[in-house]
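The values are calculated or read from the model by the stated rules, or taken from the named source; none is laboratory data. Being a predicted model, the structure only gives us computed values, none of them experimental. Glycine also receives a Cβ, built like all others from the backbone with ideal geometry; neighbour counts cover every protein chain displayed.
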Amino acid sequence: MIMLRNITFIIFYCITSVLIAQNVKQKEVTITGQVLDKETKQPLEYATIAFFNKSLNKIETGGITDGNGNFSIPINTGVYDISIEYISFKTIKLLNRNITKSENIGVFSLELDTETLDAVEIVAEKTTVDIRLDKKIYNIGKDLTTAGGTVSDALNNVPSVSVDVEGGISLRGNENVRILINGKPSALAGFGDSNILSQLPADAIERVEVITSPSARYDAEGTAGILNIILRKKEILGFNGALNLTAGQPDNVGLSANLNFRTEKFNIFSNIGYRYFDAPRTNYTDITYFDRVVDGTTISPEYQRIIEDEDVTRLNRNYNANVGVEYFLSEKTSITGSLFYRYGEDADLSKNNSDRFNNEAIVERTLRNERQNEEDNSYQISLNYITKFNDDGHELTADFQYENDAENQRLNIDETYVFTDKTDPDPFQNERVFATEDQTEYLIQADYVLPIGENARFEAGYRGRFENEITDYNLEQENLQDNTFFVNDTISNVFDYTQNVNAFYTQYGTKFGKFSFLLGLRLENTQLKGKIDSRLTDEELEEAFGFPIETDFDNNFLGLFPTLNIIYNLRPEDSDIEESITFGYNRRINRPRGWFLNPFPSRSSRTNVFQGNPNLDPAFASTFDLGYLKRLDKITLTTSIYYQYETGAFERIRENTGQQTSDGIDIIRRIPVNLSTNERTGGEFGILYNPNDWLRLNSSFNIFQFKTKGQFNGVDYGANNLSWFTRFSGKVTLPYAIDWQTNAYYIGPRQNAQNKTKGLFSMDVAFSKEVFKDKATLSLNVRDVFNSRILRRTTETESFFSNNESQWRVRQINLLLLYRFNQQKKRSRSDFEDNEFNEEG
């Protein structure tokens with residue numbers, strides 16, 4: 001019995017001790033203190049305090065400081081290791097601190113970690129290139145010449161990329177390039193209209209991924225490849241941001257704000273901006289018309305030569321806002337929601353002086369006025385979910401995106417005689433155009449990544465993109481008898497166009513020895529569906545357009561798109577020199593956009609129209625790419641050669657419609673057609689040289705040859721051409737810490753079956769200085785110093801010869817002030833940054 005009593009007492013004592021210990025453990029106290037900058041004695045807002053529980057072997061709780069650097073954190077009593085951290089400062093640790101009651105643990109003065117800060121500053125300032133299996137990543141860095149400019153301006157400084165005077169983007173000289181924003185098609189890129197990029201600020205870009213050999217994870221769209229624009233997203237704890245004020249000549253006034261609020265649990269980010277600018281442009285066209293033979297009869301033109309000299313004033317007002325929240329459900333899982341909105345108002349006034357000649361003598365001059373007002377509303381709603389199953393890359397992401405873009409256009413046209421040799425000339429009809437365009441798009445996407453061992457990875461995913469575009473074009477013309485307006489229902493129409501793409505992909509990558517490869521296969525089904533609502537019958541449409549067309553079509557294209565990317569490292573992994581050879585192969589598709597299919601003409605003038613072709617089919621291309629990279633301490637060399645074979649390639653040709661204006665002028669149209677083949681062979685070379693902190697040089701050279709074969713309406717449009725382009729960028733730090741940057745590029749002459757385009761040179765310069773104790777940057781830049789960005793082109797067909805000069809934007813001078821707050825100390829990337837901008841699936 002004594003032994004039993006003793007055992008009972010021992011058990012009771014142990015249970016009581018455990019309960020007492022648990023009660024002690026469950027007791028909650030409050031720990032307070034303050035964190036300061038040791039150098040400035042200023043409080044550090046959003047410093048992190050973490051409590052590591054020794055018995056549980058994990059961080060039990062923590063918190064951040066307020067605006068005065070104070071913290072107050074409730075915690076259970078126990079023994080803890082306490083860490084006080086702030087990005088770019090040295091961490092203070094209190095080890096084995098026994099907390100039994102509420103207390104103030106003191107004031108902590110943190111010291112700058114200069115090594116970490118320097119490393120971050122170098123990354124932020126330099127323009128670098130990173131070679132991956134399927135892409136080249138260009139970190140834009142601090143490009144002074146594009147400060148206050150647009151995304152198009154920034155892209156024009158990326159190797160392999162060129163932006164023409166009309167805002168068209170080419171990759172290695174090929175215009176069929178796919179533009180993505182953060183890895184996905186986006187309203188920010190204007191539903192495929194790259195001109196929208198000329199309205200978005202350049203300082204929103206963090207990096208550009210040039211993907212000339214896309215893996216199977218990417219959409220197969222874009223025979224030239226993909227440009228993936230990654231936008232900035234702040235990772236600094238707390239409230240921080242930047243304000244940007246721009247003033248320029250011609251009129252260019254802009255105000256934008258990048259604001260960010262981040263805690264350990266969520267991140268709220270935003271980019272809000274307003275811009276007003278005048279973008280005057282000019283266009284000069286000199287056309288000589290030839291006699292035409294129709295059914296054995298020679299027809300002479302009413303006028304042998306017409307010169308059009310057009311000046312356009314373009315006043316634009318754009319508002320844009322991008323607001324989002326990233327919420328961290330756990331250390332491994334986050335969900336992000338964002339809303340993008342853009343509203344634009346354009347008011348254009350075009351004055352076109354037209355001189356008409358016969359026998360080299362002017363016989364008539366007219367003045368044509370076009371007043372165009374346009375409103376554009378776009379918004380995009382995006383949701384992203386990501387979960388990491390472990391730290392080895394095993395993850396699942398899912399995306400949903402909805403976009404809508406609504407455009408309303410009003411155009412009033414009148415033309416009057418300045419003088420004429422006619423005794424009783426017919427008056428011109430005034431015209432009014434009312435056009436609306438409504439586009440919607442849904443995107444559903446899922447991607448799964450499974451690491452296999454240390455050096456292999458399996459991926460699979462689905463992506464569905466469903467687009468609809470309705471264009472309602474209404475033309476009203478004046479009745480010269482009573483000056484009323486009537487609807488021209490032979491041109492007015494409604495075009496309802498749908499493009500649906502469903503895709504599944506899988507790919508496998510591995511590394512063994514010095515070799516790495518990524519092998520993938522993508523299955524895509526493309527549906528192109530359209531319906532044309534018009535008064536004209538099919539026979540009348542065929543007669544008007546010159547070829548049979550379908551007014552109600554539904555076409556499906558099923559295709560397999562294999563990809564292979566290989567890297568061979570010529571140096572061991574521990575070498576100070578990086579040297580590698582890359583090889584890529586992929587099959588791509590070029591799908592026609594809606595405006596390429598709408599057969600009803602849109603007119604740039606009475607005599608020049610663009611007309612879509614509903615018979616257009618997608619084009620397919622196979623591309624091979626062989627590259628070389630060598631990176632030394634201060635210099636990086638990149639080079640590659642490539643070959644592309646495309647079938648059914650698009651070509652925009654110009655031809656005489658056989659129709660004339662009321663005063664006898666031939667109407668010329670541009671129309672896209674499928675030609676049989678297009679072969680493109682080229683090579684590029686790039687160099688980045690950073691010998692020291694005050695000098696940085698960057699240059700690239702690209703040369704390519706293309707051969708086109710094909711006929712349309714009995715005319716051979718085959719061509720063989722060699723062209724090239726080169727660019728140079730240099731940045732020098734002058735005395736008094738003034739940065740001077742110069743960017744220059746030259747696009748060589750080029751031609752196809754009808755057009756010859758002359759070479760074009762342009763140069764930008766900029767100066768900047770850090771002010772207000774490095775919290776702000778004052779910049780002055782001049783874009784197109786010599787006002788030389790003028791497109792000069794000649795076109796020759798059987799019925800006419802034209803000489804054209806157009807300047808889309810004149811020389812511009814900008815003064816900018818960028819003010820940053822709470823951004824002096826940079827933060828390293830979060831656990832989610834590598835995946836927050838997921839590649840397109």
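Structure summary
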{"item": "Some residue of segment 265-274 being of a type outside the set (D, E, K, R), under 30 Å from Ile589 (Cα atoms) and in contact with a Lys or Arg (Cβ under 7 Å, 6 or more places away or on another chain)", "result": "no"}
{"item": "Test: residue in segment 576-589 that is assigned to a loop (DSSP other than H, G, I, E, B) and either surrounded by 17 or more Cβ atoms within 10 Å (Cβ to Cβ) or among the aromatic types (Phe, Trp, Tyr) (or both)", "result": "no"}
{"item": "The one condition in (1) farther than 30 Å from Ile272 by Cβ; (2) at pLDDT below 90; (3) not acidic (Asp, Glu) that Lys351 fails to fulfil", "result": "(2)"}
{"item": "Condition met for Thr526 (among the hydroxyl-bearing types (Ser, Thr, Tyr), within 19 Å of Phe557 (Cα to Cα) and either in a strand (DSSP E or B) or under 32 Å from the mean Cα position of the chain (by Cα) (or both))", "result": "yes"}
{"item": "Failed item, numbered, when Asp489 is tested on (1) within 30 Å of Leu632 (Cβ to Cβ); (2) touching a Lys or Arg at 6+ places or on another chain (Cβ under 6 Å); (3) of a type in the set (Asp, Glu)", "result": "(1)"}
{"item": "Hits in segment 79-99 (condition: part of a strand (DSSP E or B) and either outside the structural domain of Glu39 (by TED's automatic domain parsing) or in contact with a helix residue (DSSP H, G or I) (Cβ under 9 Å, 6 or more places away or on another chain) (or both))", "result": "Phe89"}
{"item": "Test: residue in segment 373-386 that is at pLDDT below 95, under 30 Å from Ile665 (Cα atoms) and touching a Lys or Arg at 6+ places or on another chain (Cβ under 9 Å)", "result": "yes"}
{"item": "So Phe419, is it modelled with pLDDT under 90 and either over 30 Å from Gly464 (Cβ atoms) or surrounded by 14 or more Cβ atoms within 10 Å (Cβ to Cβ) (or both)", "result": "no"}
{"item": "Candidate set from segment 416-451 (those that are among the aliphatic types (A, V, I, L, M) and under 30 Å from Arg217 (Cβ atoms)); member that is nearest to the chain's Cα centre (by Cα)", "result": "Leu443"}
{"item": "Test for Glu469: is it of a type in the set (D, E, K, R) and more than 25 Å from the chain's Cα centre (by Cα)", "result": "no"}
{"item": "Tally, over segment 43-83, of residues that are β-branched (Val, Ile, Thr) and closer than 22 Å to Asn267 by Cβ", "result": "7"}
{"item": "Residue in segment 45-58 that is of a type outside the set (Gly, Ala, Ser), assigned to a strand (DSSP E or B), at pLDDT below 90 and out of contact with any Ser or Thr (no Cβ under 9 Å at 6 or more places or on another chain) present", "result": "yes"}
{"item": "Pick from segment 529-545, criterion in contact (Cβ under 8 Å) with a residue 60 or more places away in the chain and part of a strand (DSSP E or B), ranking: nearest to Arg593 (Cα to Cα)", "result": "Gly530"}
{"item": "Positions within segment 712-763 being outside any strand (DSSP E or B) and of a type in the set (D, E, K, R), in sequence order", "result": "Lys758"}
{"item": "Matching residues, segment 537-558, being charged (D, E, K, R) and either more than 38 Å from the chain's Cα centre (by Cα) or loosely packed, with under 14 Cβ neighbours inside 10 Å (or both)", "result": "Asp538, Glu539, Glu540, Glu542, Glu543, Asp552, Asp554"}
{"item": "Identity of the residue in segment 648-666, more than 13 Å from Gly546 (Cα to Cα), among the β-branched types (Val, Ile, Thr) and modelled with pLDDT under 80, that ends up surrounded by the most Cβ atoms within 10 Å (Cβ to Cβ)", "result": "Ile665"}
{"item": "Filter result for the condition that a residue is within 25 Å of Tyr417 (Cα to Cα), in contact (Cβ under 8 Å) with a residue 40 or more places away in the chain, among the acidic types (Asp, Glu) and surrounded by 17 or more Cβ atoms within 10 Å (Cβ to Cβ), over Asp405, Asp348, Asp355, Asp399", "result": "Asp355"}
{"item": "Residue, modelled with the highest pLDDT, within segment 262-282, restricted to residues that are of a type in the set (A, V, I, L, M, F, W, C) and surrounded by 19 or more Cβ atoms within 10 Å (Cβ to Cβ)", "result": "Phe277"}
{"item": "Residue match in segment 228-238 (condition: acidic (Asp, Glu) and at pLDDT 75 or above)", "result": "no"}
{"item": "Selected residue (only one of Ile687, Ile641, Ile671 is of a type outside the set (S, T, N, Q), touching a strand residue (DSSP E or B) at 6+ places or on another chain (Cβ under 9 Å), outside any loop (DSSP other than H, G, I, E, B) and surrounded by 21 or more Cβ atoms within 10 Å (Cβ to Cβ))", "result": "Ile671"}
{"item": "Residue selected from segment 59-78 under the condition of a type in the set (Val, Ile, Thr) and either assigned to a loop (DSSP other than H, G, I, E, B) or in contact (Cβ under 8 Å) with a residue 60 or more places away in the chain (or both), by the criterion surrounded by the fewest Cβ atoms within 10 Å (Cβ to Cβ)", "result": "Thr77"}
{"item": "Condition check for Ile566: touching a residue at least 12 places away in the same chain (Cβ under 8 Å) and either over 30 Å from Asp426 (Cβ atoms) or part of a strand (DSSP E or B) (or both)", "result": "yes"}
